[in-house]
Amino acid sequence: MHYVFKLDLDFKKILYHIFNLMLCLFTIYFVEIKLGISLLLAFILMPLITGLTSYLFIKRIKIEASINKNIINKGEEIQLKLNINRRSALPFFYIEILLCDSKILVSDFDKEMIIHPNSDFDENFTLYFRAKNYGRALLGIDKFLVHDFFGLFVYELTIDESMKAKVDILPNIPELLSNELFYKCLEPSKDDNEEEKTSRNFTQRSILGYDYRKYVEGDSLKTINWKLSMKHNEYYVRLNEYLVLSKSQTIILDPTASEKSDASAQERIIEALLGMARFMCLNEVDTNVIFYADKIWQNHSIKKTDDVSALQYRFIDFQFNNEKLKRIPDSLINESNTINYFTDNPDNQLFSDLSKYSSGKNINIIVSRTAEFNSENIYFVNKDFDFVRIE
């Protein structure tokens, strides 16, 4: 294993060692010559001896680092396992391990570990990290230092790439419940007031009207009557009829960031978008998700759950841009009558741009904070991922 030798130029340590040498000289001149010379030789030779033993120690040390997985969801834990095989009884003062500094992986311990050898010294460690945000992170050992007893000499072992691993942290896809916005995207096959009709019989666990019952696990989401479910605050499904869903949906992600932006609001917009994409997918609505990446507008088609997972992975390294960019892709927006526009930058310019396309289109604007303009189709995404229409 390669290493770099260097002096630990800590002023306090050097001053303390000089003070000890001065005491030895004081002993020689004013106390006893033999005792003073013996102490002087000891304080001169001991750092050299401990430095040599530390050098021999690092020639016999073996370090291993590994993680239990490379892809996790935001909020999940990941394990970093360290194995330090000494393979030597030579003494050393302490080992200093500096872990890779990642802002999105947090833990309850300091990223700088100090290990002192003793009889209970465990050479195997398992460290736990939690993904605070989504993105890409580096996890492992950044530096490995061996210090001698006097703390004057330091050996820094060269860390190769096997000691570090890249971790992909996926944004979460929240389980979104139906609300006013989603109901607007799902059109019932019967009259809007059909649940008020009384010409049908009751069924088990049903309510008056066409045949309904409460939702149970395993029912297809496409059989849910969303308006009726919203009215009674619990899910109801048709027994003999189905919802005729909108033909298609377009979801657009605003690439621009506001000066007032913060990471939590931006992540909430991304995750709310993914939640809506999965909701539409489960209801068998063909959906196109349009976003700006790699300097071009990209169109991601959602037809099955694997498409949602691919989009989730694609958003790992998505970054909102502070530059002035075109916020609406003309050629793509004209292909859909229903547009759900997700933005973290709801300014007056956006309202002006969207107004050009309002004729013949149903445009819903989903925001993560207060908008600068008023519109009847603005929905605020709160921390519980409820889409609340702003009155």
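Just so you know, all these numbers are worked out from the coordinates, no wet-lab data involved. Note that the structure is predicted; figures quoted are calculated from it, not measured. Because the Cβ atoms are built from the backbone with ideal geometry, glycine has one as well, and the counts that use them run over all protein chains shown.
Key figures
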| quantity | calculated |
| --- | --- |
| Cα→Cβ-extended label distance, 7 Å offset, between Asn70 and Tyr29, nm | 6.7 |
| Packing-based ranking, highest mean first, of 127-138, 274-285 given that Cβ atoms within 10 Å are counted | 274-285, 127-138 |
| Shape call, the range 251-297: gyration tensor on alpha carbons, a/c limit 1.5 | oblate |
| Burial ranking of peptide ranges 343-349, 362-368, 30-36, 255-261 (average Cβ count within 10 Å, highest at the top) | 362-368, 343-349, 255-261, 30-36 |
| Most to least packed among 315-327, 57-69, 148-160 [average Cβ atoms within 10 Å] | 148-160, 57-69, 315-327 |
| Distance between the range 337-356 and the range 54-81 - C-alpha centres, whole angstrom | 46 |
| Inter-site label distance for His232 and Ile18 at 7 Å from Cα along Cβ, in nm | 8.6 |
| Packing-based exposure ordering (other Cβ within 10 Å, fewest first) of Tyr16, Tyr55, Tyr236, Tyr292 | Tyr16, Tyr55, Tyr292, Tyr236 |
| The range 33-46 - phi-based ³J(HN,Hα) in whole Hz, Karplus 6.51/-1.76/1.60, Gly and Pro as x | 5, 4, 5, x, 5, 4, 5, 5, 4, 5, 6, 7, 7, 4 |
| Listed pairs Lys103/Lys143; Lys295/Lys383; Lys166/Lys383; Lys103/Lys132 exceeding 19 Å between Cα atoms | Lys295/Lys383; Lys166/Lys383 |
